[in-house]
Amino acid sequence: MVENPWDRFTSSVCSADKDGPISCLRCGLVGFLLLVLASSGQALSTTFGDIEITLGPAPKGTSSHGYFEYVFHVVNNSTDRPHLVTLSIPAEKHFLPGDSIRELRRTVQVGPKETALLSLLQPDHPPIHGADVAVTIDGRRQEREIIFKPNESLRRYYSRPGYLTSFSPTPLAPLILLSARAARDIQAHPLQWGDFLKSSPTPAAPPRGAAMPPGAKAPPPSKPGLPSGAYQFAMAETWSSNWLAYSRYDGIVVTAEELNTLPAEVRTALWQYVETGGALLVLGKTDLRGLSAVSETKKDGGWLGVWAGFGICRVSPDTNYDTWDDKCFAWLADDWKNTTAIWSSTQRNTFQANEECPVIDDLGIPVKGLFVLMILFSLGIGPINIWVLSRLKRRIWLLWTTPVFSFCTCVAVFGYMLISEGWSGRLRSEALTLLDEATHRATTIGWTGVYSPLTPADGLHFRYETEVIPQRFFEGLEGGARSCILDWSQDQHFAAGWVEARVPALFKVRKSELRRERIALHLEGDGRWSMVNGLGAAIRRFWYADAKGQIHAAEDIAAGARTMLKLTEKECPAAPVTFQSVLASVSWMAKMKDLAEHPQNYLRPGLYLAEMDETPFLEEPLRSAQKRNLHALVVGFSQQGEKQE
């Protein structure tokens, strides 16, 4: 991994004066751009017989959320033999306290004279402890390795000899991804972005109404801009078609010209990044068709703000930064800061996560019960056993009654566990989905938790497009250390180490995917609304806001069933609660509960809300789970109602 030059310029973060304009971005940005644009490193290939492997550009910057994407180009130079290639990170493992990813791997079959693009996605937490890439071809591990250093995520603990203390680190500066053209455009405006390059401090302005001291010079007028040193910037060397590759960035800046020339699958990935909570800035006017779940659009001074899904996309009229005022830069600063705050304020350890989304009611050890059991066992195997055998004049039987008594006690304890919990595990899921029926894209956030009396042999399975965030932050010494395996060969397989027996494992999830489910709404001749449930699962409660903002409701609609809606007294407010506030809240569970109890506060004309006791838009990761506690809210963006009305 190439060191990020911006790290040399972002050691300190200055805050803007609340009463004055936002301070200008200083020499760090220009210096970073010069270093990046001057660098021209070429990717090196490593050959293993018929197989040639080239590592693509590594992600830059230090992040505290999301996924890192490592891309490998695998070429099979054989003319007649296919090869099964497995890449595994790390090849050389290091020991550090706390959780870690022991193996991040993926297997792909490459046919003769074929080239395969192998992508390995590393969650931000837990980190990888080690370096280099191990290569296995047709079941044989190669002696040589690919030199490679994984990107390091933010450490959430520190260690001392024989002691481990968990802590909450200082939040990182937001990480912003710049397109190549956007970086050059910024560099071409030194008056706007690099005017404050002087090392001497700027004189402070006197209080309002106060006279200038004799001989003092008035401070130079400040220009609108971003706080100096408050951001990390990384330039995009390649564009991925997987939205998870962008999930680690707090903001993305791209020019309209570049956006229009990107492949369709890359543009879709950027739209998904926005819809799952990202902040995208487009420099120059462009066509935003393809964005899903658009809830609000605002124009101000030539700028366009589009709130789509759980995120926001802003479009500037041009790249003439000299015409941007304080308000424009304040929008960007707020967008990027809010994206960072979402993840820095919602990290929990196992106990806190189980309180937020309970998988089991009690995580504590039954100390009283175990103490009583030990007392009874001691009395039974000792005094009572000896007394009974003495009465029978068979004290020699102690040689076999003692182990039998111990064995029966163990069987009783194990049997009690089976009776109370069984062999299979438990699954708890809470999800909120924004379903755009026009673009057929569903964006989901939520919680999923599992609990198993025995460690599941097959681990957990998630889909490729799901971001999974384990809630095991700041565990400290009490939480132990887990060595985890993540396999991307068939799906996102959390193969080992993620779930321990009798300990709940909870995850926050985000995903964006193509879905065809829909609700068919129809305005009947008598003025009432009807609906057909096409979501694939029974709906417990349903609300629909018509074009006038009136709320219509129904209950208990089976999958595929048709029912009539009843007009309620509820109406949409003039300023409904945004869905972005759900993602930004400290407690997703509390916000989703409020949405289910007060749907009128969130719905806009043309939207519907379905409450379900299934999670059709969120996978069930524990396949052996028999006890399921599932709950989902689906907000539908449907235009058919307005057209028929």
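The values are calculated or read from the model by the stated rules, or taken from the named source; none is laboratory data. Source: prediction; values computed, not measured. Positions of Cβ are generated from backbone atoms using ideal geometry, with glycine treated the same way; all protein chains shown enter the neighbour counts. Protein only, heavy atoms only, side chains kept; ligands, DNA and RNA dropped before computing areas. Shrake-Rupley method; radii C 1.70, N 1.55, O 1.52, S 1.80 Å.
For the reader, a short list of remarks on this structure follows.
- Debye intensity ratio I(q)/I(0), log10, region 528-602, q values 0.11, 0.14, 0.24 Å⁻¹ (C-alpha model): -0.33, -0.52, -1.10
- Rough spin-label spacing in nm, given labels placed 7 Å along Cα→Cβ, for Glu52 and Arg562: 6.2
- Summing Lys and Arg as +1 and Asp and Glu as -1 over all other residues whose Cβ lies under 13 Å from the Cβ of Asp250 gives a net charge of -1.
- Simple point charges give the picture: +1 on the Cβ of Lys and Arg, -1 on the Cβ of Asp and Glu, and for region 488-616 a dipole about the Cα centre of about 280 debye.
- Accessible surface of region 374-524 [probe 1.4 Å, protein heavy atoms]: carbon and sulfur percent: 68
- Accessible-area rank, largest first, for Lys570, Lys548: Lys548, Lys570, with all protein chains present and a 1.4 angstrom probe.
- Per-residue accessible area (protein heavy atoms, 1.4 Å probe) orders Lys113, Lys93, Lys511, Lys285 as Lys285, Lys113, Lys93, Lys511, starting from the largest.
- Placing Ser119, Ser483 in order of accessible area, with the largest value first and a 1.4 Å probe, yields Ser483, Ser119.
- Ligands, DNA and RNA left out, the 1.4 Å accessible surface of region 236-332 is 46% carbon and sulfur atoms.
- Dipole of region 373-465, positive end: most advanced residue of Leu392, Thr448, Ala438 [Cβ charges, Cα centre]: Leu392
- Dividing the mean sequence gap of close Cα pairs (under 8 Å, 6+ apart) by how many residues region 274-326 holds gives a relative contact order of 44 percent.
- Largest to smallest principal axis extent of the C-alpha atoms in region 449-495, angstrom: 34, 23, 19
- Relative contact order (%) - region 235-381, alpha-carbon pairs under 8 angstrom, separation at least six: 19
- Anisotropy class of region 562-632 from Cα gyration tensor, a/c 1.5 cut: oblate
- Using only alpha-carbon positions in region 290-419, the gyration tensor eigenvalues give semi-axes of 75, 14, 10 Å once each is multiplied by 5 and square-rooted (largest first).
- For the cross-link pairs Lys298/Lys566; Lys285/Lys327; Lys566/Lys627; Lys285/Lys591, the ones whose C-alpha atoms lie over 29 Å apart are Lys298/Lys566; Lys566/Lys627; Lys285/Lys591.
- Shape call, region 391-491: gyration tensor on alpha carbons, a/c limit 1.5: prolate
- Theoretical gain in end-to-end length, Glu524 to His440 [0.36 nm per residue, Cα-Cα removed]: 27.7 nm
- Neighbour-limited loop hits for trypsin sites (Lys or Arg not before Pro), region 387-493 (at most 15 other Cβ within 10 Å; DSSP other than H, G, I, E, B): Lys393, Arg394, Arg463
- Per-residue SASA entry for Leu117, accessible area with 1.4 Å probe, Å² rounded to 10: 120
- If you take the Cα centroid of region 466-529 and the Cα centroid of region 532-551, the two points sit 25 Å apart.
- Spatial separation of Cα centroids for region 251-323 and region 597-615, in angstrom: 27
- 19 Å Cα-Cα reach of Lys93 towards aspartates and glutamates, excluding residues that sit fewer than 8 places from it in its own chain: Glu103, Asp124, Asp132, Glu143, Glu145, Glu152, Asp487
- Accessible area per residue for region 468-572 is 43 Å², calculated with a 1.4 Å probe on protein heavy atoms, without ligands, DNA or RNA.
- Cα shape, region 252-314, gyration tensor, a/c 1.5 rule: oblate
- Stretched out straight at 0.36 nm per residue, the stretch from Ile386 to Ser78 would grow longer than its current Cα-Cα span by 103.1 nm.
- To the nearest 10, the accessible area of Asp80 is 110 Å² with a 1.4 Å probe.
- Evaluated over the Cα positions of region 263-361, the convex hull gives a direction-averaged projected area, one quarter of its surface, of 8.6 nm².
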